[in-house]
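J.: Quick one: the structure is below, and I'll ask about it shortly.
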Amino acid sequence: MEKKFPKDFIWGGATSSYQIEGAWNEEGKGPSIWDVFTMIPGKVNHFENGNIACDHYHRIEEDVALMKKIGLRAYRFSISWPRILPAGRGQVNQKGIDFYNKLINELVANDITPWVTLYHWDLPAALEFEINGWLGEEISDAFAEYADVCFAAFGDRVKNWITINESWVVAILGYGLGVFAPGKKSMDYPYQAGHNLLKAHAKAVATYRQKYQSTQHGRIGITNNCDWREPLTESPADKAAAERALEFFLAWFADPIYKGDYPPCMKERLGSRLPSFTAAEKNMIKGSSDFFGLNHYTTMYAADATHNREKGSVYGNGGLSEDQDVNLSVSPDWKMTSMQWAIVPWGCKKLLMWIDARYDHPEIIITENGCAFNESLVEGKVDDHERIQFFQGYLAAIQEAIRGGADVKGYFIWSLMDNFEWALGYDKRFGITYIDQDLTRIPKASAWWYASVIEQNEVI
Ligand code: PNW
């Protein structure tokens, strides 16, 4: 069987600003909600934080050389909003602009295409205090102002823009379960935050299209995350539950962009708890993504919970499960990563086919996929056979989806390097580069395997 990926397939690695940069209070950077959140005892495992993280801020050359060495063709990173605008709006921090200019220039000089995310969760703390963060009416304009500064400063070299990373995580984990910054707990906030995230995305895209796209010739889109939900049984009730779970996860953010409004099942179940868009807003949001950015990690079974509602688990669950009437579970046969996320490559294929069908064959870029394993270091080498198996499985599943008709155009591994895994701290190692206590980077074996995939453009 033909095992090649398309010739122009994009192979990349991904990171985010707060997880790798460090330099949290250097050269004019303002505090972000993650700087503040990590100061609160009990929020992060071992009371860890991103103050130093991978020290990437001071190691641009070393890190880009590493990317080159392991064969990355594209690099997805995020810009720290409070590094550019320390108070969230108004005054620009030139040192912040200089830092990203240096990084982008280094990438371009090494033939690595930059893919830039504007928001990967490090909201300027000033905006949380002053305008209530993602719950505030003013936030979408503030985001568009920030995006405008970035397009003007970097758009001559950056041709691939992602507005927001994983609105679902921001809304559910940050405003529903309260396990991520800003740590709010509510049944209603997630839907309000989600509404503003969509408006912010659309305003930034409108700014790009009106002011920059015709001269800079780049693309702009959004990245959403979604696990696959497999019906637990063949019963119509469980099949409907799995579909509902996918709608509350992904269609929540993708339907407005591809169809112009929230999924009917969310409107029905949530009633007035789900904000509504004006006609002008619908127009602005519909068609506002040049590609379908997808982060995918795992799969769970979904069962109808209408008569036996269980509360979801706190981390990595299906969102506010009470609103969906879905019970989630895993099979004892599935192998788990150290996140306790099940390894189910066929779920990835099914999700890609679901997206292809529901959104009328969009161009899909997998902007994150990967696994955490706590491999040990033996004589300077990392034993990561489990990671290699993970990538073999998922890449083969992606090939099957492509053969099945899905238009998958790129794949970014999460992550380039071990980094600050949010509320779980540094124990969870997602990197294809192992970072030791002296912040030395050691490529894992899979990095070499991965490079050979890129080299040969095929899965072995
Ligand atoms: C993504 N969940 O986060 C993020 O984009 C990365 O910053 C992160 O390091 C990576 O995946 C691994 O966690 C997620 O609970 C965090 O379902 C939590 C969930 C999903 C994605």
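J.: Has segment 212-222 got at least one residue that is surrounded by fewer than 20 Cβ atoms within 10 Å (Cβ to Cβ), away from the ligand (no atom under 16 Å from the Cβ) and of a type in the set (A, V, I, L, M)?
T.: No: zero hits.
J.: Shifting gears a bit: Of all residues in segment 24-45, count the ones that are farther than 16 Å from Ala125 by Cα and free of Cβ contacts under 8 Å to residues at least 40 places away in the same chain. Walk me through how you get there before you give the answer.
T.: Residues of segment 24-45 that are farther than 16 Å from Ala125 by Cα, as a first pass: 27, 41-45.
Still in the running and free of Cβ contacts under 8 Å to residues at least 40 places away in the same chain: 41-42.
Going through segment 24-45 one residue at a time, the tally reaches 2.
J.: Same structure, new question: Tally up the residues in segment 363-374 that are surrounded by fewer than 21 Cβ atoms within 10 Å (Cβ to Cβ) and more than 16 Å from the ligand (Cβ to nearest atom), please.
T.: 1
J.: Counting just the residues of segment 422-455 that are in contact with a Phe, Trp or Tyr (Cβ under 7 Å, 6 or more places away or on another chain) and more than 30 Å from Ile40 (Cβ to Cβ), which one comes out nearest to the ligand (Cβ to nearest atom)?
T.: Result: Ile432.
J.: All but one of (1) over 24 Å from Thr367 (Cα atoms); (2) surrounded by fewer than 21 Cβ atoms within 10 Å (Cβ to Cβ) hold for Ile60, so report the exception by its number.
T.: Here Ile60 meets the rest and fails (1).
J.: Can you say whether Pro256 is more than 24 Å from Asn295 (Cα to Cα) and either outside any helix (DSSP H, G or I) or in contact with a helix residue (DSSP H, G or I) (Cβ under 8 Å, 6 or more places away or on another chain) (or both), as far as the supplied structure shows? Walk me through it before giving the result.
T.: Numbers: more than 24 Å from Asn295 (Cα to Cα): no; either outside any helix (DSSP H, G or I) or in contact with a helix residue (DSSP H, G or I) (Cβ under 8 Å, 6 or more places away or on another chain) (or both): yes.
Spelling it out, it is not the case that Pro256 is more than 24 Å from Asn295 (Cα to Cα) and either outside any helix (DSSP H, G or I) or in contact with a helix residue (DSSP H, G or I) (Cβ under 8 Å, 6 or more places away or on another chain) (or both).
J.: Got a sec? Which of Tyr411, Tyr450, Tyr434 is free of Cβ contacts under 8 Å to residues at least 60 places away in the same chain and hydroxyl-bearing (Ser, Thr, Tyr)?
T.: Of Tyr411, Tyr450, Tyr434, the one residue that is free of Cβ contacts under 8 Å to residues at least 60 places away in the same chain and hydroxyl-bearing (Ser, Thr, Tyr) is Tyr434.
J.: (1) touching a residue at least 24 places away in the same chain (Cβ under 8 Å); (2) within 16 Å of the ligand (Cβ to nearest atom); (3) farther than 23 Å from Lys3 by Cβ: which one isn't true of Met336, the others all being true?
T.: Status for Met336: all satisfied but (1).
J.: Which residues, counting only those in segment 174-188, are out of contact with any Asp or Glu (no Cβ under 9 Å at 6 or more places or on another chain) and among the aliphatic types (A, V, I, L, M)?
T.: Selection gives Leu177, Val179.
J.: Test Ser17 against the stated conditions and say whether it is hydroxyl-bearing (Ser, Thr, Tyr) and out of contact with any Pro (no Cβ under 8 Å at 6 or more places or on another chain). Explain how you work it out, then say what you get.
T.: Values: hydroxyl-bearing (Ser, Thr, Tyr): yes; out of contact with any Pro (no Cβ under 8 Å at 6 or more places or on another chain): yes.
The answer is yes for Ser17.
J.: Between Ala401, Ala406, which is away from the ligand (no atom under 13 Å from the Cβ) and either touching a Gly at 6+ places or on another chain (Cβ under 6 Å) or closer than 24 Å to Thr113 by Cα (or both)?
T.: Details: Ala401 fails: either touching a Gly at 6+ places or on another chain (Cβ under 6 Å) or closer than 24 Å to Thr113 by Cα (or both).
Of Ala401, Ala406, the one residue that is away from the ligand (no atom under 13 Å from the Cβ) and either touching a Gly at 6+ places or on another chain (Cβ under 6 Å) or closer than 24 Å to Thr113 by Cα (or both) is Ala406.
Matching residues to (1) part of a loop (DSSP other than H, G, I, E, B); (2) within 21 Å of Leu107 (Cβ to Cβ); (3) modelled with pLDDT under 95:
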{"position": "Ala147", "(1), (2), (3)": "no, yes, no"}
{"position": "Cys150", "(1), (2), (3)": "no, yes, no"}
{"position": "Pro182", "(1), (2), (3)": "yes, no, no"}
{"position": "His201", "(1), (2), (3)": "no, no, no"}
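J.: Do we find a residue being modelled with pLDDT under 95, among the charged types (D, E, K, R) and either closer than 24 Å to Thr223 by Cα or surrounded by 21 or more Cβ atoms within 10 Å (Cβ to Cβ) (or both) anywhere in segment 6-24?
T.: Within segment 6-24 (the criterion being modelled with pLDDT under 95, among the charged types (D, E, K, R) and either closer than 24 Å to Thr223 by Cα or surrounded by 21 or more Cβ atoms within 10 Å (Cβ to Cβ) (or both)), the answer is yes, since at least one residue qualifies.
J.: Return the pair list, or none, for Cβ contacts closer than 6 Å from residues in segment 156-169 that are over 13 Å from Asp122 (Cα atoms) and assigned to a loop (DSSP other than H, G, I, E, B) to residues that are at pLDDT 95 or above and away from the ligand (no atom under 11 Å from the Cβ), at least 6 apart or on different chains.
T.: Sorted first by the residue in segment 156-169, then by its partner, the pairs are Arg157/Ile104; Arg157/Val108; Val158/Pro114; Val158/Val116; Lys159/Gly218.
J.: For segment 291-316, give me each residue that is within 16 Å of the ligand (Cβ to nearest atom) and either aliphatic (A, V, I, L, M) or modelled with pLDDT under 95 (or both).
T.: The answer is Leu294, Met300, Ala302, Lys311, Gly312, Ser313, Val314, Tyr315, Gly316.
J.: Let me ask another. I'd like to check something: does segment 12-21 contain any residue that is of a type outside the set (A, V, I, L, M) and more than 16 Å from the ligand (Cβ to nearest atom)? Show your work before the answer.
T.: At the first step, the residues of segment 12-21 found to be of a type outside the set (A, V, I, L, M) are 12-13, 15-19, 21.
Checking which are more than 16 Å from the ligand (Cβ to nearest atom) leaves us with none.
No, there is no match, as no residue in segment 12-21 is of a type outside the set (A, V, I, L, M) and more than 16 Å from the ligand (Cβ to nearest atom).
J.: Let me ask something else about it. Name every residue in segment 151-171 that is polar (S, T, N, Q) and crowded, with 24+ Cβ neighbours inside 10 Å, in order of residue number.
T.: At the first step, the residues of segment 151-171 found to be polar (S, T, N, Q) are 160, 163, 165, 167.
Thr163, Asn165, Ser167 - these are the residues of segment 151-171 that are polar (S, T, N, Q) and crowded, with 24+ Cβ neighbours inside 10 Å.
J.: Is at least one residue of segment 344-359 crowded, with 22+ Cβ neighbours inside 10 Å and not in a helix (DSSP H, G or I)? First the steps, then the outcome.
T.: In the first step, residues of segment 344-359 are kept if they are crowded, with 22+ Cβ neighbours inside 10 Å; the result is 344, 347-349, 351-352, 355.
The next check asks that each one be not in a helix (DSSP H, G or I); those that pass are 344.
Checked against the condition, which is being crowded, with 22+ Cβ neighbours inside 10 Å and not in a helix (DSSP H, G or I), segment 344-359 yields at least one hit.
J.: Also, I was wondering about something else. Do you know which residues across segment 37-63 are among the hydrophobic types (A, V, I, L, M, F, W, C) and over 21 Å from the mean Cα position of the chain (by Cα)?
T.: Quick first cut of segment 37-63, residues among the hydrophobic types (A, V, I, L, M, F, W, C) only: 37, 39-40, 44, 47, 52-54, 60.
Matches in segment 37-63: Met39, Ile40, Phe47, Ile52, Ile60.
J.: With the structure loaded, tell me whether Ile355 is under 22 Å from Ile164 (Cβ atoms), of a type in the set (Val, Ile, Thr), within 22 Å of the chain's Cα centre (by Cα) and within 16 Å of the ligand (Cβ to nearest atom) or whether it fails that test.
T.: No.
J.: Filter segment 184-211 down to the residues that are within 16 Å of the ligand (Cβ to nearest atom) and within 22 Å of Ile79 (Cα to Cα) and list them by number.
T.: Selection gives Ala193, Gly194, Leu197, His201.
The values are calculated or read from the model by the stated rules, or taken from the named source; none is laboratory data. The shown structure was predicted, so the numbers you read here are calculated from the model rather than taken from an experiment. Note that we place each Cβ from the backbone using ideal geometry, even for glycine, and neighbour counts take in every protein chain shown.
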